[in-house]
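Report on the structure given below.
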Amino acid sequence: MKFLFITTNNLSTNPRLRKEIYHAASRNDSIHLVAFKLDNWSDRFDREIVSNLKMESTCLSATRHPYPSWFRATLVNLVCKILWPFFKKNIKITAFAHHKRSYQLIQALKRIRHPADRVISHNLGALYPAWWFARKHGLPFNFDVEDYYPGEKMNNPQSAEKARRLYLMRELMPDASHVTYAAPLIGQKVQEEIPLHRERFILINNTFPEAEFIRENRTETHSKIQLIWFSQKIGYHRGLEPLIRALSHWSEKFSLTLAGWMDPVFYREHIAEHEAFITCLDPLPQQELHRRLSNYDVGLAVENAASDLNRDLCLTNKIWAYYLSGLYILASDTSAQLEFMTQRKDHGMTFNPETLDGSLLFIQQEIETIRVRSKERQRRALKESYEAEIPRLEATWRN
């Protein structure tokens, strides 16, 4: 089978896309990826991933180099934003006003001479290019809803961008052969806005392959309780500020590791004075990060639900990674994480700002039991590894 995968990001910053491509490669399917070079920490990891996969890759630039193509995309994006209030029902203008990379993807797709059997798009900016290419060549296309895009935090004017996102989803998603979504509450919210046939609207959980969670033998027993939080970016609006303030009163009992690209301003304002109990790690390749997780006691699924609606509805990569590692999970009480933890009571607890100190006290008192039960938690969790999602994923590859 021949697949054309399209994204506005790259493989390192889109684990859902990477897992789907890895599975297609394991079946010896033909793969062509159209993605972007982001000129940040992820590019190094991306080059390694792509070099180890047998596939064709078209890499576009998300930066100002080369300048002419960046300038054209920026100009088209700006003009379409100006025109959009007068042409709100024009799909192309709406798409290009939403994301300049949609225009860049269209230009790249025009040069592809050998259409695939199926087009698969990840990220909202790739939806219109996938729809356009599929219509042009008479192909089926899939779209993955990783986040609830109209509910994400946006730049002003927020109401205009929210309207563009909803319009693109309402107009284009019904034409998809299949739409996948990353969390139950995201799927529920999408169905409220865009009624889709249930047999073509399929949950693919944000879980990971079992092989990535082989436990390392802990070489030392720490006197402090080891906490970890990771993300692509360590910075503001992620719920870290109140956590760090609370932990500063427990610094003799807990040690916190933060893994990801660090916002230097956030570091100066919130991390530097607490280096005695906070360790910072640079971004790690996914497999290495997952392998290291077993060295910790508690995984922090800290989210700021007040920042945007999507934060309240999504289930992140990190909560699934902690779960599959057998870590005890301390999760913010977003709607999605409350549901997740209620269904997996023995794997952790939720908290809010008022109950955080009590949660930390409970963990301190129960740490020996938490550590002893880690292997059993992992044994149960691995029944929900990515291998359990594959039958549903493959169903979306068939008409």
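Observations on the structure shown:
- Listed by number, the DSSP H helices of the chain that run 20 Å or longer by alpha-carbon position along their axis and have mean Kyte hydropathy of at least -1.0 are 67-83, 158-172, 356-372.
- Taking the charge dipole of the stretch 210-383 about its Cα centre, with +1 at Lys and Arg Cβ atoms and -1 at Asp and Glu Cβ atoms, the residue from 251, 266, 330 reaching farthest to the positive side is 330.
- Each Lys and Arg adds +1 at its Cβ and each Asp and Glu adds -1 at its Cβ; summed about the Cα centre, the chain shows a dipole of about 1700 debye.
- Computed helical MRE - 222 nm, the chain, DSSP H runs ≥ 4 contributing -39500 (n - 2.57), nearest 500: -12000 deg cm²/dmol
- Label zone (residue 280, point 7 Å along Cα-to-C-beta; backbone nitrogen cut-off 14 Å) within the stretch 242-264: 257-264.
- Residue of 113, 373, 344 that the Gaussian network model of the chain assigns the largest fluctuation, springs spanning Cα pairs under 10 Å: 113
- Cα gyration tensor shape for the stretch 164-234, rounded if a/c is under 1.5, else prolate or oblate: prolate
- Residues with amide H under 5 Å from that of residue 329, placed H, sequence gap 5 or more: 299, 348, 349
- Neighbourhood charge, 14 Å Cβ-Cβ cut-off, centred on residue 117 and excluding it, Lys, Arg +1 and Asp, Glu -1: +2
- Of the residues 7, 213, 58, the one whose Cα sits farthest toward the positive end of the charge dipole of the chain, with +1 on the Cβ of Lys and Arg and -1 on the Cβ of Asp and Glu, is 58.
- Highest-fluctuation residue, 86, 277, 351 considered, GNM on the chain with Cα pairs under 10 Å: 86
- The relative contact order of the stretch 2-204, computed from alpha carbon pairs under 8 Å that lie at least 6 residues apart in sequence, is 18 percent.
- Calculated P(r) tail over 21 Å for the stretch 234-323, as whole % of Cα pairs: 34 percent
- Qualifying GluC sites (Glu not before Pro) in the stretch 317-399, DSSP loop, other Cβ atoms within 10 Å at most 16: 354
- Across the options 32, 276, 307, the greatest Cα extent toward the positive end of the charge dipole of the chain (unit charges at beta carbon of Lys, Arg, Asp, Glu) belongs to 32.
- Measuring between alpha carbons in the structure, the pairs from 153/224; 110/189; 233/375 lying more than 32 angstrom apart are 153/224; 110/189.
- Whether the chain is rounded, prolate or oblate, judged on the alpha carbon gyration tensor where a/c under 1.5 counts as rounded: prolate
- For the stretch 145-263: rounded, prolate or oblate by the Cα gyration tensor [a/c cutoff 1.5]: oblate
- Here the 3J(HN,Hα) profile of the stretch 252-269, calculated from phi with Karplus coefficients 6.51, -1.76 and 1.60 at θ = phi - 60°, is 7, 9, 10, 10, 10, 10, 10, 10, x, 6, 8, 5, x, 5, 4, 4, 5, 8 Hz, Gly and Pro shown as x.
- Stretch gain in nm, segment residue 112-residue 232, where the contour uses 0.36 nm per residue and the Cα spacing is subtracted: 40.1 nm
- Proximal charge balance of residue 199 [Cβ under 14 Å; K/R count +1, D/E count -1]: +4
- When +1 charges are put on Lys and Arg Cβ atoms and -1 charges on Asp and Glu Cβ atoms, the dipole computed for the stretch 1-126 relative to its Cα centre reaches about 420 debye.
- The Cβ shell under 11 Å around residue 284 holds other residues with a net charge of 0, Lys and Arg each +1, Asp and Glu each -1.
- Short-range pairs are left out: with C-alpha atoms under 8 Å and at least six residues apart, the relative contact order of the chain is 13 percent.
- Cα convex hull of the stretch 210-383, projected area averaged across orientations, nm²: 9.4 nm²
- Most mobile of 281, 168, 313 in a GNM of the chain (Cα contacts under 10 Å): 281
Taken together, the values in this text are just the output of simple stated rules run on the coordinates, not laboratory data. Because the structure is predicted, anything quoted here is derived from the model rather than measured. Cβ: placed from backbone, ideal geometry, glycine included. Neighbour counts: every protein chain shown.
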